[in-house]
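Below: one structure, written as structure tokens.
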Amino acid sequence: MNYTLKNFLQNLLLSNISDDDEVELIPIITAEAEDDLPTDTLPDELPILAVRNTVLFPGVVLPITVSRKKSVKLVRKAHKGDKVIGVVAQKNSNSDDPTAEDLFEVGTMAKILKMLVLPDGNTTIIIQGHSRFKIEEVTSEDPYLTAKVTACTETGLNKKDKNVKALVQSLKDAAAKMLKLNPEIPQEAQVALDNIDNPGFLTHFLSSNLNVDVAQKQALLEVNDGMERGTQLLEMMLREIQLLELKQEIHTKVHTDLDQQQRDYFLRQQIKVLQDELGQEGPDQEIERFRERAAKKKWPEPVAQHFKKEIDKLARLNPQAAEYPVAVNYLEFLLDLPWNEYTKDNFNLKRTKKILDADHYGLEKVKERILEYLAVLKLKNDMKAPILCLYGPPGVGKTSLGRSIAESLGRKYVRMSLGGVRDEAEIRGHRRTYVGAMPGKIINQIKKVGSSNPVIILDEVDKIASDFRGDPSSALLEVLDPEQNSTFMDNYLDVEYDLSKVLFIATANSLDTIQPALRDRMEIIELTGYTLEEKTEIAKRHLLPKQVAEHGLTEDDVKVSKATIQKIIEDYTRESGVRNLERKIGQLVRHTAKLKAMEEEYQKSLKPEDVTKRLGPEIFDKEIYQDIDTAGVVTGLAWTSVGGDILFIESILSKGKGKLTLSGQLGDVMKESAMTAISYLKAHAELLNIDYRLFDQYDLHIHFPEGAVPKDGPSAGIAIFTSIASVFTQRKVKSRLAMTGEITLRGKVLPVGGIKEKILAAKRAGVTDIILSQKNKKDINEIPEQYIKGLHIHYVDRVDEVVKIALLKEKVKNPLKLVVTEEKASADKE
């Protein structure tokens, strides 16, 4: 041969030594070797070097880098001795400390030709394979593997046999074709191949260089019959040739576009480098980032198809086009939405009740309804239930109730104010064809919280406006309908979004301005406001501690008594809620904070008389029952938006022609009540021993004090009737008595509303007896017993019963003398 070991080693050591442990580098041909060494040269026991990712064949020279401790010990000891070792391939290349079970049974005896210690500390050996052997028994594993071996019998290949000649020629032709198809193999390999005359060594050399895995090479090594090994080798080589031909065919097909593609690729790479330097993201990177994010989304299949269509359209757009940023913003919005991403609900209703009780004092019926609502949701596990609408005056806790529900369920909380919204697009979004198009408030808020099942408070739903741009309340019909909102379509989004898992809670101050169809989709829960007692507890438990903390004080710095709080409520606030009360308490606390900051002495415990010094004169006068000996004065009970109150009704007669005068800024309903009461009294004057002719000779004036305050409502009928009856009979009204109810022309007493507030107002005013309609008894049963303690309540069905209870038999002192003139009497007789 012309190729010497020296040439190969020199070339190998300069450039091709790998630092991988026991990995084949380049098999080297040194000289034509015999098929195998004589079997008697094989020792009975061999030290075994386990190698991975390669198989050593007889006659082949192989450089190997060893780094495992056992391997290094074996190599160094063998190099000092007879330099003979056994080389066996590992079944599992990942094993760092192989045992007998990790090795194949057949290996190759090898001789160490040279050992080199490299500068990095690794040891490289160059070995040449000789004969094959089979491991019979592993005799030792420490300090390295040793095993008893037996030689493998080999059926050699006869050069003169025609079949062998044909096989050898086929192998060489196949090898030449592989060299031609694979330009990466150096041309010297063909020269080395031509110089191999030994058929057995040819099969070993080609098997060692074939691009197949270790298991296939090991199978070739284990074949004892040379002809069979050559045949199997030829089959593998032909399969490899087919793969190479297919690869070349594909390469030829795309070669025509390669130049243009390479040019585009290099230009893109240059742009990418420039953008990286400038900290910018190119269109291709942006689109790829969108695709990666889309692969992680849990959206429905129609949405996925829509997104794919839109991103393909974006990929075809010129980045300089005006539509490009619009399309990018739309795709980003699609990706930011929490498709099928939900927070886990905590339907622990006992915990919910604790949170509601801790955050809100009173409102028992409202909290009970909310618990029932959540209980149904827990049992059904869906949101197809009526949308709750908390209706009541400002400051009674409607919005904070929604926040408490979100906290108890463990959901995200969203408050969406609808006050003044007049554009339908605020709810449904704009179509993307418009400049500056945006999604609607609902979808936008869901994107912000990152959950598809938040609690959304639709605040001030009664203050939605409408104009030429559409009716937002009509757009809310789909949002708030449990049968429709699972396929809500936002104009900007342009695909269906499921809102069925969202818990909507609406709030309103008035029901009159809510569209009837929208109101029909909601269950109205009324919050009537707080009583004096409830406000006192709320101030003590919530408002005062909050204001103390917000003004940098501690509980020891300021103490407010119950009487002080009640004075603030009665004299400085007139509201159903507690917002004004909180402001007044904050004003008291600020005064204390100022004194403390100025290091002045101050009184920590605030008494009722201190309130006037800090808050100024009383704003409101509290109505207190007054004992009046004048006939015609009756105490009525009224409901206002700021709670219950007592109402005085005064009647007086004067000489005239039967004229009726009403004063006190009355509404139409109260005027009608007054007319009904007078008509009934005229029709039944004989029951009270009233001369009917008096109605034509005296003018009647009915007055409701505090004329600047508007008064209206169907609850003053019996009070007006009693006042008129009292003035015409000159009988005094019973002391400390108040009444409420409406009358009919038939004398029936009708029930009225706001009983709880009216009862509490009467009790605060010092009233002891109250007259109510018999049908209002059910309302009294719902009032806690401590609120009605000390009150005597009379239930009536007819006006006659009211007169018997309310009017005393004796007349007032110095009664007005009602007389019928003689002229009138004689005229009546004629």
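Scanning segment 376-402 for residues that are more than 21 Å from the chain's Cα centre (by Cα) and either among the charged types (D, E, K, R) or over 12 Å from Ala508 (Cα atoms) (or both) turns up Val376, Leu379, Pro386, Lys398.
In segment 410-425, what residues are at pLDDT below 85 and either not assigned by TED's automatic domain parsing to the domain that holds Gly470 or not basic (Lys, Arg) (or both)?
Initially, segment 410-425 is screened for residues at pLDDT below 85, giving 419-425.
Result: Gly419, Gly420, Val421, Asp423, Glu424, Ala425.
Being surrounded by 14 or more Cβ atoms within 10 Å (Cβ to Cβ), in contact with a helix residue (DSSP H, G or I) (Cβ under 8 Å, 6 or more places away or on another chain), of a type in the set (Phe, Trp, Tyr) and at pLDDT below 90 is a condition met by at least one residue of segment 693-700. Of the residues that sit in segment 762-773 and are free of Cβ contacts under 8 Å to residues at least 60 places away in the same chain and over 15 Å from Val803 (Cα atoms), which one is surrounded by the fewest Cβ atoms within 10 Å (Cβ to Cβ)? In this case the residue turns out to be Thr768. Hey, any hits in segment 151-163 for a residue that's at pLDDT 85 or above and surrounded by 17 or more Cβ atoms within 10 Å (Cβ to Cβ)? Yes, the conditions are met somewhere in segment 151-163. No other residue among Asp276, Asp264, Asp312, Asp284 is surrounded by 10 or more Cβ atoms within 10 Å (Cβ to Cβ) and modelled with pLDDT of 85 or more apart from Asp312. The residue that is surrounded by the fewest Cβ atoms within 10 Å (Cβ to Cβ), counting only those in segment 68-108 that are within 19 Å of Ala215 (Cα to Cα) and more than 58 Å from the chain's Cα centre (by Cα), is Glu105.
The residue that is farthest from Leu56 (Cα to Cα), among those in segment 187-210 that are without any contact (Cβ under 8 Å) to a residue 40 or more places away in the chain and surrounded by 13 or more Cβ atoms within 10 Å (Cβ to Cβ), is Gln190.
For segment 596-630, taking the residues that are under 46 Å from the mean Cα position of the chain (by Cα) and hydrophobic (A, V, I, L, M, F, W, C), the one that is modelled with the highest pLDDT is identified as Ala597. Residues in segment 335-385 that are assigned to a loop (DSSP other than H, G, I, E, B), at pLDDT below 90 and out of contact with any strand residue (DSSP E or B) (no Cβ under 9 Å at 6 or more places or on another chain): 16 in all. Across segment 338-394, which residue is farthest from Val449 (Cα to Cα) among those that are in contact (Cβ under 8 Å) with a residue 24 or more places away in the chain and small (Gly, Ala, Ser)? By that ranking, first place goes to Gly362.
Restricting attention to segment 573-598, the residues that are assigned to a loop (DSSP other than H, G, I, E, B) and under 27 Å from Lys758 (Cα atoms) add up to 6. In segment 43-67, the qualifying residues are those that are under 23 Å from Leu206 (Cα atoms) and polar (S, T, N, Q), and the one that is nearest to the chain's Cα centre (by Cα) is Asn53.
Among the residues of segment 769-805, write down those that are outside any helix (DSSP H, G or I) and either at positive phi or of a type in the set (A, V, I, L, M, F, W, C) (or both). Show your work before the answer.
The first filter runs over segment 769-805 and keeps only residues outside any helix (DSSP H, G or I), leaving 769-773, 782-784, 789-798.
Result: Ile770, Ile771, Leu772, Ile783, Gly790, Leu791, Ile793, Val796.
Residues in segment 716-761 that are crowded, with 23+ Cβ neighbours inside 10 Å, farther than 13 Å from Ser673 by Cβ and among the small types (Gly, Ala, Ser): Ala725, Ser726, Ala738, Ala761.
Scan segment 308-331 for residues that are assigned to a helix (DSSP H, G or I), in contact with a helix residue (DSSP H, G or I) (Cβ under 8 Å, 6 or more places away or on another chain) and not charged (D, E, K, R) and report the count. The total comes to 8. Among the residues of segment 511-536, those identified as under 21 Å from Leu477 (Cα atoms), in contact with a strand residue (DSSP E or B) (Cβ under 7 Å, 6 or more places away or on another chain) and buried (at least 17 other Cβ atoms within 10 Å of the Cβ) are Ile514, Arg521, Met522, Ile525. Of the residues making up segment 81-100, at least one is assigned to a helix (DSSP H, G or I) and either in the same structural domain as Phe57 (by TED's automatic domain parsing) or modelled with pLDDT of 90 or more (or both). Just checking, which of Ile505, Ile442, Ile457, Ile464 is crowded, with 22+ Cβ neighbours inside 10 Å, of a type in the set (A, V, I, L, M) and either over 23 Å from Ala406 (Cα atoms) or free of Cβ contacts under 8 Å to residues at least 40 places away in the same chain (or both)? That would be Ile464, the only listed residue that is crowded, with 22+ Cβ neighbours inside 10 Å, of a type in the set (A, V, I, L, M) and either over 23 Å from Ala406 (Cα atoms) or free of Cβ contacts under 8 Å to residues at least 40 places away in the same chain (or both). Residues considered: Asp699, Asp691. Of these, the only one that is of a type outside the set (S, T, N, Q) and either over 19 Å from Leu653 (Cβ atoms) or out of contact with any strand residue (DSSP E or B) (no Cβ under 7 Å at 6 or more places or on another chain) (or both) is Asp691.
In summary, Glu601 fulfils each of the numbered conditions (1) out of contact with any His (no Cβ under 8 Å at 6 or more places or on another chain); (2) without any contact (Cβ under 8 Å) to a residue 40 or more places away in the chain; (3) assigned to a helix (DSSP H, G or I) with the single exception of condition (3). Residues that are over 18 Å from Ser208 (Cα atoms), surrounded by fewer than 15 Cβ atoms within 10 Å (Cβ to Cβ) and not basic (Lys, Arg) within segment 170-186 comprise just one, Pro183.
The set of residues in segment 451-507 being charged (D, E, K, R) and farther than 30 Å from Asn346 by Cβ consists of Asp462, Lys463, Asp467, Arg469, Asp471, Asp494.
The values are calculated or read from the model by the stated rules, or taken from the named source; none is laboratory data. All values derive from a computational prediction rather than experimental measurement. Virtual Cβ from ideal backbone geometry, glycine too; neighbours counted across all protein chains shown.
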